[in-house]
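Structure first, commentary second.
The values are calculated or read from the model by the stated rules, or taken from the named source; none is laboratory data. Treat the numbers as computed from the prediction; the structure is a model and nothing was measured. Because the Cβ atoms are built from the backbone with ideal geometry, glycine has one as well, and the counts that use them run over all protein chains shown.
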Amino acid sequence: MTTSVPGWDERLPWLEAGTTWRGQDPLAMGWTSVVRSRQVHGAVTKLRADLPAGEHVVGDGDGHVTRSAGLLLTVTLADCVPVFVADPVHRAVALLHAGWRGTAAGVVERGLAVMAAAFGSDPAECFVHLGPAICGECYEVGAEVFEALDEPIPSAAAPIDLRGVIRRRAIAAGVRIGDVTVSRECTLCGDGRYYSHRGGDTGRHRGFIGILPRAGVRRSAGAGVQTVVRSRGPAGVTG
């Protein structure tokens, strides 16, 4: 089972994107070429091209960008934020793994910059979705995290809405407010369909995005539906 990015199937029928549930293998979803990296909680983002059939673990890094049809980009997750980016003008996509360290290092901004350099993507023409992750009520962190993210520093450990921070950074990088959507799902206090590091899980689910080949691949079986919150303006809220 997988959870699709809400609204993208209709708006962007040339791609497939979402988040797997516990135990789902991307190779079982109809894709023959799957890529991931050894994640280091940084901002390294690489351009990916055609790869042979099978799953490929390619170098260290936390972001992938491609315009190659038939190649599924993936990141592994267990509380961190999967950041999905789609450029409908140039038919390019990116997938970024954003924990607090990667967010502080600028992985979102780097992903958009790689797309711009490789394909001429304009952030103002891109759609961004922040997928299932630990929520702003569950994610309690120390002052050093707030400081690293340039957020107001509390006097004691406090929860932080990491997806809210990423949303603001994406908008500051040029993505339009109305084109940034945010999942309401929490990997820790949710219904248990995802893994949670803070919940004691050692497993990992995956975020995935790929451009459908011309011949087509079957849609992910049992794709779910997420609820998203769109901003109501510059002072809008994040769900």
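Numerical summary
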| item | result |
| --- | --- |
| Scope the range 114-148; condition over 18 Å from the mean Cα position of the chain (by Cα), hydrophobic (A, V, I, L, M, F, W, C) and closer than 30 Å to LEU188 by Cβ; matching residues | CYS138, VAL141, ALA143, VAL145, PHE146, ALA148 |
| Any hit, the range 119-130, residues being touching a Phe, Trp or Tyr at 6+ places or on another chain (Cβ under 8 Å) and farther than 18 Å from ASP62 by Cα | yes |
| Of all residues making up the range 36-45, the number that are surrounded by fewer than 19 Cβ atoms within 10 Å (Cβ to Cβ), in contact (Cβ under 8 Å) with a residue 24 or more places away in the chain and either touching a strand residue (DSSP E or B) at 6+ places or on another chain (Cβ under 7 Å) or of a type in the set (S, T, N, Q) (or both) | 1 |
| Subset of the range 1-35 (residues that are touching a helix residue (DSSP H, G or I) at 6+ places or on another chain (Cβ under 9 Å) and crowded, with 22+ Cβ neighbours inside 10 Å) | THR2, GLU16, ALA17, GLY18, THR20, VAL34 |
| Enumeration of residues in the range 195-218 that are at pLDDT below 95 and closer than 19 Å to VAL85 by Cα | PRO213 |
